[in-house]
Amino acid sequence: MFSSNFDSIAPYYDWLCRRVFGHNLYNAQIHWLQTLPKQQTVLIIGGGTGQIAIAVGQYCHPSAIWYVEPSEPMLQRCRQRLANSPFEAIVHYIHGTEEAIPPSLQCDIILTPFVLDLFPNQALGSMLWRLSRHHSPQGLWVHTDFFPTKQYWSRTLLWLMYQFFRRISNVQAQQLPDYAKAFAQQGYQLSQEKSFLQGFVKSQVWHHV
């Protein structure tokens, strides 16, 4: 469940990401998309303003995209971005958290781009459990996020980001959770991994054991 609120930062979010990280965050999010199976049902959690939805449509050729976003301004920007695009008809929007996903929905691919870092360990485990109920047994999970490093610059930047988003968006987490432990507890195993920014950002593909 999200307790964070990104409404106020929605108009500046993409600009802020590019200003600080260039195209590295976007490149990390799309890195594995061309390798994923086509004509699948894709579930995107916390996709923000919709850049990732366009990329999924272009590279994955999905049969359906379910777009879950708790921020109404973010969701509205996504709708505007996809309006009149070739993918508009296959996108289903959910304004809310993973708890608002229809109980019967089963997805082949789950994407969590820069969202799991918002959760302390216990909350992360609960969220992954809820999402796993909507994941097909042969499905893939693409997790892209910040990771801990020993480099001073990345540790300092991570601390600054948590302080900033705690004040602006009410992010409760104060440090990165143990992603690997949380995925393993839900029966997932790491398949592939690509590092960016000297390991500060990674994009991973997980599958059911």
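The values are calculated or read from the model by the stated rules, or taken from the named source; none is laboratory data. All values derive from a computational prediction rather than experimental measurement. A quick note on method: Cβ atoms are made from the backbone with ideal geometry, for glycine too, and the neighbour counts reach across all protein chains shown.
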**OP:** Quick one: in segment 51-83, of everything that is surrounded by fewer than 20 Cβ atoms within 10 Å (Cβ to Cβ) and outside any helix (DSSP H, G or I), which residue is modelled with the lowest pLDDT?
**Re:** 83
Original post:
Assuming residue 99 fulfils every condition listed in (1) of a type in the set (D, E, K, R); (2) under 16 Å from the mean Cα position of the chain (by Cα); (3) within 22 Å of residue 23 (Cβ to Cβ) apart from one, which condition is it?
Top reply: (3)
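Checking the conditions here, which among 41, 35 is surrounded by fewer than 17 Cβ atoms within 10 Å (Cβ to Cβ), more than 14 Å from the chain's Cα centre (by Cα) and of a type in the set (S, T, N, Q)? Show your work before the answer.
Numbers: 41 fails: surrounded by fewer than 17 Cβ atoms within 10 Å (Cβ to Cβ).
Answer to the selection: 35.
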**OP:** Looking at (1) at pLDDT below 95; (2) in contact with a Ser or Thr (Cβ under 9 Å, 6 or more places away or on another chain); (3) of a type outside the set (D, E, K, R), find the lone condition where residue 209 falls short.
**Re:** (2)
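Does residue 59 satisfy the criteria of being hydroxyl-bearing (Ser, Thr, Tyr), more than 16 Å from the chain's Cα centre (by Cα) and within 24 Å of residue 207 (Cα to Cα)?
Numbers: hydroxyl-bearing (Ser, Thr, Tyr): yes; more than 16 Å from the chain's Cα centre (by Cα): yes; within 24 Å of residue 207 (Cα to Cα): yes.
Judged against the criteria, residue 59 is a match.
Do you know which of the residues in segment 84-102 that are in a helix (DSSP H, G or I) and in contact (Cβ under 8 Å) with a residue 40 or more places away in the chain is nearest to residue 25 (Cα to Cα)? Steps first, answer last, please.
Within segment 84-102, the first condition is being in a helix (DSSP H, G or I), and the residues that meet it are 88-90, 98-100.
Those left that are additionally in contact (Cβ under 8 Å) with a residue 40 or more places away in the chain: 98-99.
Numbers: 98: 23, 99: 26 Å.
Top of the filtered list is 98.
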**OP:** Filter segment 77-97 down to residues that are closer than 20 Å to residue 169 by Cα and out of contact with any helix residue (DSSP H, G or I) (no Cβ under 8 Å at 6 or more places or on another chain), then give me how many there are.
**Re:** 2
**OP:** State all residues of segment 169-206 that are of a type in the set (Val, Ile, Thr) and either at pLDDT 95 or above or exposed (fewer than 14 other Cβ atoms within 10 Å of the Cβ) (or both); if no residue qualifies, say none.
**Re:** 201, 205
Subject >> segment 131-166 - residue that is among the aromatic types (Phe, Trp, Tyr) and assigned to a helix (DSSP H, G or I) and, of those, surrounded by the fewest Cβ atoms within 10 Å (Cβ to Cβ) >> reply: 152
Subject >> Given (1) buried (at least 18 other Cβ atoms within 10 Å of the Cβ); (2) in contact with a Ser or Thr (Cβ under 7 Å, 6 or more places away or on another chain); (3) not small (Gly, Ala, Ser), index of the condition residue 91 fails >> reply: (2)
Subject >> Count of segment 1-47 residues which are hydroxyl-bearing (Ser, Thr, Tyr) and more than 23 Å from residue 129 (Cα to Cα) >> reply: 5
Subject >> Residue list for segment 4-25, restricted to those being in contact (Cβ under 8 Å) with a residue 60 or more places away in the chain, in a helix (DSSP H, G or I) and touching a Ser or Thr at 6+ places or on another chain (Cβ under 7 Å) >> reply: 10, 13
Subject >> Residue count, segment 20-78 (criterion: under 20 Å from residue 98 (Cα atoms) and polar (S, T, N, Q)) >> reply: 7
Original post:
Conditions: (1) within 29 Å of residue 15 (Cβ to Cβ); (2) part of a helix (DSSP H, G or I). Residue 125 meets all but one. Number of the miss?
Top reply: (1)
